[in-house]
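As structure tokens, the structure follows; a few thoughts come after it.
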Amino acid sequence: MSRFVLMAGGTGGHLFPAMALAQELRRRGHNIQLMTDHRVASYGDGFPASATHIVPSATPSVSNPIRFVTAGFTILWGIGVAFLKLASVKPDAVIGFGGYPVYPPFVAASLRGTPGILHEQNAVMGRANRALARMAKIIALSFPRTAKAEAFADKSVLVGNPVRDRVRGVAKVPYPALEPGGVIRLLVFGGSQGARVFADLVPPAVAELPPELRSRLRIVQQCRAEDLDRVAETYRQAKVNVELAAFFDDLPERMASSHLVISRSGASTVAELTAIGRPAVLVPLPGAIDADQKNNALVIEAAGGGWILEQATLTPLSLGTRLASLLGDPGVLQRAAAAAKALGQPDAVTKLADVAERLAAKGKSQ
């Protein structure tokens, strides 16, 4: 048995692949502990770790000198805290999943001589991972071509982005049949940060669809709590069957039963869409420095598994026109579902677990 410390920022995009790896490594009999930041309370329920360690962290801001200095002191404090915790835990290897909360514990592990893996979920290597890459023994990539990771090609391996057990559990569910005149299931969600843009645009777009198409729709939509009432009213006036909630804990199962998904294109969302094999209208989160969601979505679109709509130019009319076209052509949706499925890597977690075991074993033998 080996002891692993997984390091992940406290958002779903980083925690979900870490959770998937923790589930797999525990099945193999290993001890798993988690190092993260205070946000884990929102996303980390049920994380399969024997212990969770909160480590101080901060995101440096070059544009704000005071915040930059303050963040520097917080990061140094976090390195010290993590160093002491790691001295007590004595892991055989550590695995970091990106985000600035990983920086202090991964640096501390490097200072202690503990071998480490960095996993990159996106099609563009994130800033924190780039800053830590020289300290890692192995870089585990999710995409065959990962921008800004070229300098580390000699220690990079392609494993894919691990998905949780419940996603793998529905990955074999076939694409639901689209019968002429039958029910069409549409799933709308905004990722771990929510997406007000979908509350603003999707209901009026659906309201503009032809009545015979609206009557066939069964919509499941995630909304922020403050948007639920107005979204429900728009759908009520349009006479559309809808289920709304601020959070769905069974999202993988709902994804599997859907004919079309409208979502952001975060790394975990893309991994789950492709593992299950569902076509999607992808609206990348705008304003990201590295445009990671846009690059993730480009991979899906290039393969024929989905369609990118830019938030800056998206209107209810343009979205409604696209939905009418897609929902009116079952063949297009079925081909896109198959293309998305061909991109999926449901065995990514076993590949990453194999890499982690080999690194831990090598460390023990030295």
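Laboratory data are not the source of any read-out in this text; all were calculated from the coordinates shown. Computed from a predicted structure; not experimentally measured. Note that we place each Cβ from the backbone using ideal geometry, even for glycine, and neighbour counts take in every protein chain shown.
Within the stretch 75-151, which trypsin sites (Lys or Arg not before Pro) sit in a loop by DSSP and count at most 12 neighbouring Cβ atoms inside 10 Å?
On the way: sites: LYS85, ARG112, ARG127, ARG130, ARG134, LYS137, ARG145, LYS148; in loops: ARG112, LYS137, ARG145, LYS148.
Here the sparse-neighbourhood loop sites are ARG145.
Entry for the stretch 168-343 at q = 0.12, 0.17, 0.20 Å⁻¹: log10 I(q)/I(0) = -0.49, -1.05, -1.52, Debye formula applied to identical alpha-carbon scatterers, no solvent contribution. Which whole-number percent gives the relative contact order of the chain, counting Cα pairs below 8 Å spaced six or more residues apart? The value is 16 percent. What the phi angles of the stretch 262-267 give under the Karplus curve with 6.51, -1.76 and 1.60, with θ = phi - 60°, is a coupling list of 10, 7, 5, 10, x, 4 Hz, glycine and proline written as x. Each peptide in 288-299, 239-250 gets a packing score, the mean of other Cβ atoms within 10 Å over its residues, and the list from highest to lowest is 288-299, 239-250.
The stretch 32-116: Rg/Rh from Cα coordinates, Kirkwood Rh?
Values: Rg = 13.2 Å, Rh = 13.3 Å.
So for the stretch 32-116, dividing Rg by the Kirkwood Rh gives 0.99.
GNM, the chain, Cα, under 10 Å: largest mean-square fluctuation among GLY304, GLY328, GLY277? Per the Cα network of the chain with a 10 Å cutoff, GLY328 tops the list.
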